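The values are calculated or read from the model by the stated rules, or taken from the named source; none is laboratory data. What you see is a predicted model, and the numbers here were worked out from it, not measured in a lab. Here the Cβ positions follow ideal geometry from the backbone for every residue, glycine too, while neighbour counts run over all protein chains shown. All accessible areas refer to the heavy atoms of the entire protein, side chains included, with ligands and DNA or RNA removed. Shrake-Rupley method; radii C 1.70, N 1.55, O 1.52, S 1.80 Å.
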Amino acid sequence: MNIPRILIGPLFNPGVIGSYLHHPQIKVFMSGTQATIDPRYDTYYDIEKDTLSDLFKRLPSDWQPEYLIWWDAVYQAIPPGIQEIGIPTLLIPGDWNLQLSGLWKYFLLFDHILADRALYEILDSQGITNLHLWPGFSFEPQKHRRLTDVDKVYDLVFIGNINHYVQRERGFYLERIGALSDKYRVLIASGVFGEDYTRLLNQAKIVFNYTICRTMNMRAYEAPACGALLMIEKDNLEVRDYFEDEVSCVFYDAQNLEQKIEYYLRHEEERARIAEAGYLKIQAHSYEKQFEDLLSLLPRLSKKRQGRAPATPFEIKCIETRQIFQSNTPRSPERAIHEILVLPNVSAEVLNQKGVFLISGIHSGTASSAVQVQAELHAQVDMGQIFLLEALKLAAENPVIRWNLGWSYELLGKKEQALVDYSQALEWVEKSSALDWCETLPVLPERYTHFEVEWESAFRQLKSSKHPSGQEIRSLLSWMLLLRLAMLQTDSHERLHYLIRALIKRPDLGDVPFLLGKLWKDLKYPKRALSAFQISKNNQAYFVSAWIETLQLLIEMREIEKAKAFNLRCLPLLKAHHKLALSFQTFSETFLLLEIIELMQQGFSADRLASILLRLKKIQSLLMIQQFLNWALLAISAINPIWEPFFVTVSFQWSANLPENPPDLEPILSLSEGAVAGIFVGEVLNPPHFIKRVYDFDEYPSQGCLNLVDFPALFPPKFETDLIIEGLSDFNLLVGISANETRLERAFYKLLCEFVLKHQDIRLILWCTSALQAEQLEFLEAVFAELPEEAILFFPEMHEHEKVALLFESCQAFTGCFYSELNGYYQWALHKGIPLWLAIHPQEMKRNFSEDGLPALTPIQKLSDLEIAYDNYATQVDFLLQLNQTWSAKAEQVQAKRLLAAWNLRLNWIEAQFLGLK
């Protein structure tokens, strides 16, 4: 074959052209920079600054292409200048269904479109003629192959995209095959690549496939290439070009899916025969062989298309920047903004694109929640808003631009104005019969969720119809506007009003009924909430949050039998889904809990007690312990009072026969009442803030020393207080003052005074940890007399944790003479990232502080020690930041071990309470 010079890319995977990757007449490229580009590529383009002519300039002077093939216009940004290329340009669109609205006008800038059958039908129906059928997907024989050392360990497998917004119809089918996991070995997986992907396909007897566009996707090639039986939807537009039903693959539809699966799992020889035939058939359709078909097609595509799109340079720039902005190429949004901002403001389209580019992607939150934008980005949103206001002057009744403007106000926190614009846009979209706004670029609050995916679907329907009504796109925009109007309401009933209207507009989308269910639940209408969650579950596959809400409602309504039945229906679906293993465990344990609650609805018997305890002792998950206590309390009115000992608060005294060593159990200590040796086992996951460990002084010399990993349980990180500390500086030293009056204190305070006089930006916060007598106050006044008044902030007798917490929040370091009674506060400081500068004896340091925390403690004996501590402050803070991460991880492990021990002790105690009833 005589192969012309071809420049092809951007190839995310150069293997898609097989051995032609090394052909001298073919050169491949990718987006990147000279420093980052993979050596497999012959050249590159930098989307941050290049045009297509720059890509061509990097080619050897003696090798100039005769064709440019651009592969993927969805994820890869196309640099400006396609219309200026003097050779035939071919486009392989890629996942066009995700961005059809943005590519619609771009199709006319290429000379030829290589389309799958679904896209071909849409474009052909609109009179676009530069079309050629060519499959954009296939498989690589070197990667996707049969493995001889692999057994068929799964009966049924799906591997692929399980985003149920993007693949809504597929999700419902996945629930159906997931439900079969109680009879068969079913696996639903995503995020599996490379050799792991190939191995998994080889382990499958049947690979399920459902394609979003009813065309051959990669899995349709790869599954048979790995020896699995391919099951694919019957109405696929392309599959009959490759396979024959029940000969080399199996077709299914909504009515016979389970029947077909069960038949071929029962008839092993027939399944193996079809899988073998599929394997043999697909070998003729590898990427390399399909690329050869494209090469043979090129002579018919050697001419540039005549009568190209009637687009001005200005319009072309709008088309180009929109594609760049919506692609997933790194740094492409910045390039799009730079390109669009230099255009004159002569049309509503360009003004709208300027506004949308500036306000997109800079918020936190979701489309169904409150949104926030960082303060430093307000200026960017302000600028975008100016462009949108100007766009409305040129297109006064364009509801998309009005929606975009409302979103900009919401980003800036201007709720009232956002409500006005959303309401105005809603009025326009519902009363207008015009469709000229349907190609206007909308703001997408979140990528690849309902609004974006359904917008593209509605746009596709609009462009596929010879007599479009625009009903789908109208109802979708109305739905989104009503959703935002609902989320901005502070009154629950007003929010309810808008959510119900949104549900009426698009009853098929899952987000709104879920929000309705939550709202009905808050308003104490459990039956209505249950109905809303049911709609939500029916509209969105694998909506686990809706499942959990349903389960909790049934328990609250004391419908334990229904809760068990619902839980049982969910279990096989979760079991099959590899990303929901934790949810499967939770629902499995939940079923155990429901059995316990059901048993507790009945009276006492020895056998029933044994059954309850047997199940409770199987629970060794802290989450399940908490869930049992919470759910049992929800259903408490339905539980027989005889079982109340299971829900009382219990404390155990520390004794030698406890099953754990002392460091793994905590006694109870009240800072006001003193130590009470014991372990608190009532609020299992929420130990009270007064828990503290104290060792027996006779056996351990470190009385009063807290174990660091338990300390977060003693002092919660945040407190609410109305106290405001005024007069703070950039560097504040918290000084712990005791009721003692010693020479050591006097000497240390003198050092502090010298230090503060030298560093006038430092403030001393004098904190008295106990009540002071008049003579002690006089002592302090005399010691600090030489300091100016503004250098000292004095807080006598401050003991409330809320106020003490504020002092720690306000200081940079904690200093003073070491006192064992302040040990807890020293550890508190370390856990809050506050270094310690203490006048302390080395023996006290060793006795009271763990070795890992010592670098954050500076012993002070002379003025130079304070200077060293001050100079090393940033280093100490960085050290504490890293150390606290280690402490936190260790704390979680110790707390889990301690609380599980407490749970088992609790069960033993409860069992003992019932012994007299046997």
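Restricting attention to segment 119-136, the residues that are in a strand (DSSP E or B) and surrounded by 19 or more Cβ atoms within 10 Å (Cβ to Cβ) total 0.
Contact map, segment 552-563: first residue closer than 17 Å to Gln602 by Cα and touching a residue at least 40 places away in the same chain (Cβ under 8 Å), second residue open to solvent by less than 50 Å² (accessible area, probe 1.4 Å) and of a type in the set (Val, Ile, Thr), Cβ cut-off under 7 Å, separation 6 or more or different chains; pairs are Ile560/Ile597. What about Thr329, is it at pLDDT below 90, hydroxyl-bearing (Ser, Thr, Tyr) and open to solvent by less than 20 Å² (accessible area, probe 1.4 Å)? Considered against the rule, which asks whether it is at pLDDT below 90, hydroxyl-bearing (Ser, Thr, Tyr) and open to solvent by less than 20 Å² (accessible area, probe 1.4 Å), Thr329 comes out as yes. Taking segment 222-274 as the range and being over 23 Å from Glu121 (Cβ atoms) and charged (D, E, K, R) as the test, the residues that pass are Glu222, Glu246, Glu258, Lys260, Glu262, Arg266, Glu268, Glu269, Glu270, Arg271, Arg273. The requirement of being outside the structural domain of Asn97 (by the TED database), modelled with pLDDT of 95 or more, buried (at least 17 other Cβ atoms within 10 Å of the Cβ) and within 28 Å of Asn161 (Cα to Cα) is fulfilled somewhere in segment 523-534, by at least one residue. Evaluation of Phe794 against the conditions (1) closer than 28 Å to Ile724 by Cβ; (2) not assigned by the TED database to the domain that holds Gly736 shows that the sole unmet condition is (2).
Flag set for Leu483, criterion: open to solvent by less than 10 Å² (accessible area, probe 1.4 Å) and over 27 Å from Leu119 (Cα atoms). Residues in segment 201-230 that are surrounded by fewer than 23 Cβ atoms within 10 Å (Cβ to Cβ) and in contact with a strand residue (DSSP E or B) (Cβ under 6 Å, 6 or more places away or on another chain): 2 in all.
Checking Arg199, Arg185, Arg168 one by one, the residue that is closer than 19 Å to Val453 by Cβ and assigned by the TED database to the domain that holds Ala275 is Arg168 and no other.
Looking at (1) closer than 27 Å to Met845 by Cβ; (2) at pLDDT 50 or above; (3) not in a loop (DSSP other than H, G, I, E, B), which one does Asp710 not meet, given that it meets all the others? Against the list (1) closer than 27 Å to Met845 by Cβ; (2) at pLDDT 50 or above; (3) not in a loop (DSSP other than H, G, I, E, B), Asp710 comes up short only on (2).
Residue-level analysis places Gly160 among those that are open to solvent by 10 Å² or more (accessible area, probe 1.4 Å), at positive phi and outside the structural domain of Lys57 (by the TED database). Just to be sure before I move on: is Ala284 at pLDDT 95 or above, surrounded by fewer than 20 Cβ atoms within 10 Å (Cβ to Cβ) and touching a strand residue (DSSP E or B) at 6+ places or on another chain (Cβ under 9 Å) in the structure I sent? Judged against the criteria, Ala284 is not a match. What about Phe584, is it touching a helix residue (DSSP H, G or I) at 6+ places or on another chain (Cβ under 7 Å) and farther than 18 Å from Met624 by Cα? Spelling it out, it is not the case that Phe584 is touching a helix residue (DSSP H, G or I) at 6+ places or on another chain (Cβ under 7 Å) and farther than 18 Å from Met624 by Cα. In segment 96-118, the count of residues that are in contact (Cβ under 8 Å) with a residue 40 or more places away in the chain, open to solvent by 20 Å² or more (accessible area, probe 1.4 Å) and on the phi > 0 side of the Ramachandran plot is zero.
Within segment 420-451, the set of residues being closer than 20 Å to Leu503 by Cβ and of a type outside the set (D, E, K, R) comprises Tyr422, Ser423, Ala425, Leu426, Val429, Pro445, Thr449, His450, Phe451.
Test Ile319 against the stated conditions and say whether it is in contact with a Leu (Cβ under 7 Å, 6 or more places away or on another chain) and within 29 Å of Ala179 (Cβ to Cβ). So Ile319 fails the test. Go through segment 715-746 and count every residue that is in contact with a Cys (Cβ under 9 Å, 6 or more places away or on another chain) and either in a helix (DSSP H, G or I) or modelled with pLDDT under 80 (or both). The number of residues fulfilling the criteria is 6.
Restricting attention to segment 539-559, the residues that are surrounded by fewer than 20 Cβ atoms within 10 Å (Cβ to Cβ) and not polar (S, T, N, Q) add up to 6. Could you please find all residues in segment 235-266 being exposed (fewer than 14 other Cβ atoms within 10 Å of the Cβ) and of a type in the set (Gly, Ala, Ser)? The one that is exposed (fewer than 14 other Cβ atoms within 10 Å of the Cβ) and of a type in the set (Gly, Ala, Ser): Ala254. Set side by side, the residues Ala425, Ala434, Ala418 differ, and just one is out of contact with any Pro (no Cβ under 6 Å at 6 or more places or on another chain), more than 30 Å from Ile162 (Cα to Cα), surrounded by 20 or more Cβ atoms within 10 Å (Cβ to Cβ) and not charged (D, E, K, R), which is Ala418.
Looking at segment 546-590 only, could you name the residues that are more than 24 Å from the chain's Cα centre (by Cα) and not in a helix (DSSP H, G or I)? Give the steps one after another, and end with the answer.
Looking only at segment 546-590, we keep the residues that are more than 24 Å from the chain's Cα centre (by Cα), and these are 553-569, 572, 588-590.
Correct list: Met557, Arg558, Glu559.
Can you list the strands (runs of 3 or more DSSP E) found entirely within segment 15-79 that contain at least 1 residues being crowded, with 21+ Cβ neighbours inside 10 Å and of a type in the set (Val, Ile, Thr)?
On the way: elements: 26-31, 43-45, 67-71.
In segment 15-79, the matching strands (runs of 3 or more DSSP E) lie at 26-31, 67-71.
Looking at segment 58-65, can you tell me whether even one residue there is under 22 Å from Glu439 (Cβ atoms) and at pLDDT below 95?
Narrowing segment 58-65 to residues under 22 Å from Glu439 (Cβ atoms): none.
Scanning segment 58-65 turns up no residue that is under 22 Å from Glu439 (Cβ atoms) and at pLDDT below 95.
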